[in-house]
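Data block below; observations after.
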Amino acid sequence: MIAPSSARRYFATMAIQTKAKLVAIVDDDELMRSALQGMLKSVGFPSQAFASAEEFLKSGQHQQTACLIADIRMPGMSGLELQAKLNAEHCRIPTIFITAHGDTKMRMQALRAGAVEFLAKPFDDEVLLESVRAALEN
């Protein structure tokens, strides 16, 4: 276990190293978006939240996004459809999927298409943060 002061230095260093590396959150659940943004902010990761895949695409932020956290099941375009659209446009963003409705087939589809992680809700915050760190280091 890392001592609290060491952990703060570690996260501060990580925040400096990942400065300007935006983490985009795409989830139709407002509470989930807010919680994820707060968690990312607490460790120094800049993030922006979007209520839908369509909102994310229209924002133009996908060009500045270094890591994408996306729900699988959303009204309109799903997380998997968003991933496929980005891949088709040669915009490969390390993606972490979060879902309360995933299955093995869905997980394999996401990972084969380049996802870095596929987490079932509720997930462990530290596992998500480690996945974000790994995505930003690539």
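What follows is calculated from the coordinates using simple rules that are stated; it is not laboratory data. Fair warning: this is a prediction, and the values are worked out from it, not measured in the lab. We place every Cβ from the backbone using ideal geometry, glycine too, and count neighbours over all the protein chains shown.
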Specify the residue with the greatest mean-square fluctuation among Ser59, Ser78, Ser47, computed from a Gaussian network of the chain linking alpha-carbon atoms under 10 Å apart.
Ser59
What dipole magnitude, in Debye to the nearest 20, does region 4-137 give about its Cα centre under +1 on Lys/Arg Cβ and -1 on Asp/Glu Cβ?
420 debye
Rounded, prolate or oblate: which fits region 81-123 when a ≥ b ≥ c are the square roots of the eigenvalues of the alpha-carbon gyration tensor, with rounded for a/c under 1.5 and prolate only if a/b beats b/c?
prolate
Less than 13 Å Cβ to Cβ from Thr99, Lys/Arg counted +1 and Asp/Glu -1: what total charge do the surrounding residues give?
-2
Cα pair distances exceeding 18 angstrom across the chain, given as percent
52 percent
To the nearest 10 degrees, the tilt of helix 79-88 (Cα long axis) against the first principal axis of the alpha carbons of the chain is 80 degrees
